[in-house]
1. Would you check if there is a residue in region 15-22 being open to solvent by 40 Å² or more (accessible area, probe 1.4 Å) and touching a residue at least 60 places away in the same chain (Cβ under 8 Å)?
2. How many residues does region 33-49 hold that are near the ligand (Cβ under 10 Å from one of its atoms), open to solvent by less than 30 Å² (accessible area, probe 1.4 Å) and of a type outside the set (A, V, I, L, M, F, W, C)?
3. Considering only residues that are closer than 15 Å to Cys86 by Cα, aliphatic (A, V, I, L, M) and in a loop (DSSP other than H, G, I, E, B), which ones fall in region 31-67?
4. Please work out which one of (1) surrounded by 13 or more Cβ atoms within 10 Å (Cβ to Cβ); (2) touching a Leu at 6+ places or on another chain (Cβ under 8 Å) is the condition Pro186 fails and give its number.
5. For region 90-138, how many residues are more than 13 Å from the ligand (Cβ to nearest atom) and part of a loop (DSSP other than H, G, I, E, B)?
6. Taking the options Val30, Val22, Val54, Val79, name whichever one is within 11 Å of the ligand (Cβ to nearest atom) and among the aliphatic types (A, V, I, L, M).
7. Condition first: open to solvent by 30 Å² or more (accessible area, probe 1.4 Å) and of a type in the set (Gly, Ala, Ser). Now tell me which residues in region 149-166 satisfy that.
Amino acid sequence: MNENHAVLCASPEWAEHLESEVLEPLVATVDLGDDMLELGPGPGAATRWLRHRVRRLVALELDATAAARLAEEFADSNVTVEVGDCTCAPFPDASFDAVGTFTMLHHLPTQDQQFATLAEAFRLLRPGGVLVGADSLASQELHTFHEGDIYNPIDPARLLVFLQAAGFARVTLAVDLGLRFTAHKPPEEDR
Ligand SMILES: C[S@@+](CC[C@H](N)C(=O)[O-])C[C@H]1O[C@@H](n2cnc3c(N)ncnc32)[C@H](O)[C@@H]1O
């Protein structure tokens, strides 16, 4: 992440935005279950909120320095931090009841990696489990904000196609100031 992200994503204003505009509305409509995986936690704004809503939260972060900071903050808590790549996550099939990705998909350099991440989320979910996510819509302002960083915004229509192609059902997609989505792995009896 560039310096703009380091400042914004660690700020109380970002945490407040994420909680009230993203996490609360998303989580109000689904059951997260007991075991959740968060992809790309960064400085941990969503992690701090989510960990009180599940029994166990695993945070998978590509950046080893960010992961080490989080691991220190959440030592002796219900959060486990792992260093790894969400396109090929180091967990067995059907390990989680919920997977979350917040402001992360546009940091994946290619559409193939975005699809691979959604397919990984599907693989990692138990039947009946839910993917919850949010991301930004493309804009010139965000393009500038990402100077020197990866900026690959995901188009809402493509996201919908990717979710369906990965196998998800009961997909909801809200498009307003940003993107918010929920998508379920069908229960065993529907597959
Ligand atoms: C913009 S930050 C978002 C942080 C947090 N989710 C939030 O909304 O505040 C994106 C994060 O995704 C992480 N990331 C990027 N590519 C990743 C990958 N392939 N696997 C796991 N994490 C990744 C980055 O290192 C960064 O911490």
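1. Yes: region 15-22 contains one or more residues that are open to solvent by 40 Å² or more (accessible area, probe 1.4 Å) and touching a residue at least 60 places away in the same chain (Cβ under 8 Å).
2. Number of matching residues: 6.
3. Listed by number, the list holds a single entry, Leu62.
4. (2)
5. 6
6. Exactly one of Val30, Val22, Val54, Val79 is within 11 Å of the ligand (Cβ to nearest atom) and among the aliphatic types (A, V, I, L, M), namely Val22.
7. Matches in region 149-166: Ala157, Ala165.
The values are calculated or read from the model by the stated rules, or taken from the named source; none is laboratory data. These numbers come from a predicted model, not from an experiment. Backbone-built Cβ (ideal geometry, glycine too); neighbour counts: all protein chains shown. For the accessible areas, the whole protein counts, side chains as well, though only heavy atoms, and no ligand, DNA or RNA atoms are used. Shrake-Rupley method; radii C 1.70, N 1.55, O 1.52, S 1.80 Å.
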